[in-house]
1. Charged (D, E, K, R), assigned to a helix (DSSP H, G or I) and over 21 Å from the mean Cα position of the chain (by Cα): which single residue out of Glu279, Glu293 fits that description?
2. Give the residue, chosen from Leu55, Leu64, Leu85, that is touching a residue at least 24 places away in the same chain (Cβ under 8 Å), within 16 Å of ligand 1 (Cβ to nearest atom) and open to solvent by 10 Å² or more (accessible area, probe 1.4 Å).
3. With the structure loaded, tell me whether Ala17 is assigned to a loop (DSSP other than H, G, I, E, B) and either open to solvent by less than 10 Å² (accessible area, probe 1.4 Å) or not acidic (Asp, Glu) (or both) or whether it fails that test.
4. Looking only at region 134-182, how many residues end up being within 16 Å of ligand 2 (Cβ to nearest atom) and charged (D, E, K, R)?
5. Of the residues that sit in region 332-366 and are at pLDDT below 95 and of a type in the set (A, V, I, L, M), which one is farthest from ligand 2 (Cβ to nearest atom)?
6. Filter region 147-170 for residues that are open to solvent by 10 Å² or more (accessible area, probe 1.4 Å) and closer than 18 Å to His106 by Cα; which is nearest to ligand 1 (Cβ to nearest atom)?
7. When you scan region 100-126, how many residues do you find that are part of a loop (DSSP other than H, G, I, E, B) and within 16 Å of ligand 1 (Cβ to nearest atom)?
8. I want to confirm something. Restricting to region 171-196 and keeping residues that are open to solvent by less than 10 Å² (accessible area, probe 1.4 Å) and within 30 Å of Ala287 (Cα to Cα), which single residue is farthest from the chain's Cα centre (by Cα)?
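The values are calculated or read from the model by the stated rules, or taken from the named source; none is laboratory data. For clarity, every value in this text was computed on a predicted model and none was experimentally measured. Don't worry about glycine lacking a Cβ; one is built from the backbone with ideal geometry, like all the others, and counts go over all protein chains shown. Accessible surface is based on the protein model in full, side chains and every heavy atom, while ligands, DNA and RNA are left aside. Shrake-Rupley method; radii C 1.70, N 1.55, O 1.52, S 1.80 Å.
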Amino acid sequence: MTRNIIAELKPFETDIAAIRRDIHKHPETAFEEVRTADIVAEKLSAWGIEVSRGLAKTGVVGTLKGKRPGQKVVGLRADMDALNLQEKNDFAHRSVHDGKMHACGHDGHTAMLLGAARYLAARPDFGGTLHFIFQPAEEGLGGARVMIEEGLFTKHPCDTVYGMHNMPGLGVGKFAIRTGAMLASSDSWTVTFKGTGGHGAMPSRGTDPTMPAAAFIQATQTIVGRNVPSYEAVVVSVGHIAAGAWGSPNVIPSDVVVRGTARSFSPAMRDLVERRLGELGRSLAEAHGCSAELHYERRYPVLVNAAEQTSLAVKAAAMTVGADNVNPNVIPLAGAEDFAFMLEKKPGAYIMIGNGGTEESGGCHNVHTPLYDFNDDILTLGAAYWVNLVQLELGDAAAD
Ligand SMILES: [Zn+2]
Ligand SMILES: [Zn+2]
């Protein structure tokens, strides 16, 4: 028989919701999550969990050993940062900081993992070690990457790692995940075309970088149309073009800058896009007597769930809400997530937990919008998922 983890977590629910609302009310953005990290560290210590701080400035790692023997080490990760967005909610726990808001639910992610930590500290019925990883700066600045660079997995070695994100439009009591690529890589690129420029009346006396730039912008779509296999999904978009001066339409500029974004779901496609952007830019520039340089910035990698850990995550979710409420083959999402950096280093799985509403009814506010709020009704479900996952990973207390 499976223990009723949800019932056992219920007594913590009010406390965990209070922590969630407190964090929501005091949002802190990338690498400035000082108050949030203080709360996390203070709670973990109070529950008897060893705390280590300072990775990526505000990162917190709580370490808990099980009471049974075991060598395996599992990392459970939550993100703590808020967004630069003006909240438009008017409930009591709305943001007190103008222009900052927990609009992605990281307040809830932090609270759910704290809930699991509290439960597991009180009942360490497992063999092995858990690291509760609370990271800063998921939104855009790659706090996960910085924690890794500063020694996360050397100071706190993990065999496997797991992450979770709420998903508006997916009902309360539902989970969704897939094996393999689940979220896209997100990269920024810049191609700078250089020629001599010159007088607009005498173009033959110089070289004109607007010609290859114009041809290049058209050609970017041949990457998707001609180079990417039809079964792969890739997006290349131009988002910025800059050249010349508004007041000088009679001057051929010497530089044209074209910038854009690229999304893909496999490392091979990511490499392909980078290579083709460079080849197209340089060859078209050469054809017009100009030069071109590509700067390709790899931001977040493809988030790839490992097969074995995904199947454990599916089981843990099914133990929590029943197999009928778990979608084990959700379509890949074009968003990006810096937990992908951790999954590049360790096998693991990242799961979506329903935040309520449905896409059809529109009964929910999406993440990154000013009326969004994390749904407190899923705090216990999320914490129970973590506890069930630990049972599956580190010795099944359900067999007691
Ligand atoms: Zn976000
Ligand atoms: Zn998020």
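1. Numbers: Glu293 fails: assigned to a helix (DSSP H, G or I).
Exactly one residue qualifies, and that residue is Glu279.
2. Working: Leu55 fails: within 16 Å of ligand 1 (Cβ to nearest atom); Leu64 fails: within 16 Å of ligand 1 (Cβ to nearest atom).
Checking each option against the conditions leaves just Leu85.
3. Details: assigned to a loop (DSSP other than H, G, I, E, B): no; either open to solvent by less than 10 Å² (accessible area, probe 1.4 Å) or not acidic (Asp, Glu) (or both): yes.
It is false that Ala17 is assigned to a loop (DSSP other than H, G, I, E, B) and either open to solvent by less than 10 Å² (accessible area, probe 1.4 Å) or not acidic (Asp, Glu) (or both).
4. Within region 134-182, residues that are within 16 Å of ligand 2 (Cβ to nearest atom) and charged (D, E, K, R) number 3.
5. Of everything passing the filter in region 332-366, Ala334 is farthest from ligand 2 (Cβ to nearest atom).
6. Looking at the filtered set, the residue picked out is His165.
7. Residues of region 100-126 that are part of a loop (DSSP other than H, G, I, E, B), as a first pass: 100, 102-105, 123-126.
This time we only want the ones that are within 16 Å of ligand 1 (Cβ to nearest atom), so: 100, 102-105.
Residues in region 100-126 being part of a loop (DSSP other than H, G, I, E, B) and within 16 Å of ligand 1 (Cβ to nearest atom): 5 in total.
8. Step by step, filter region 171-196, then rank; the result is Phe193.
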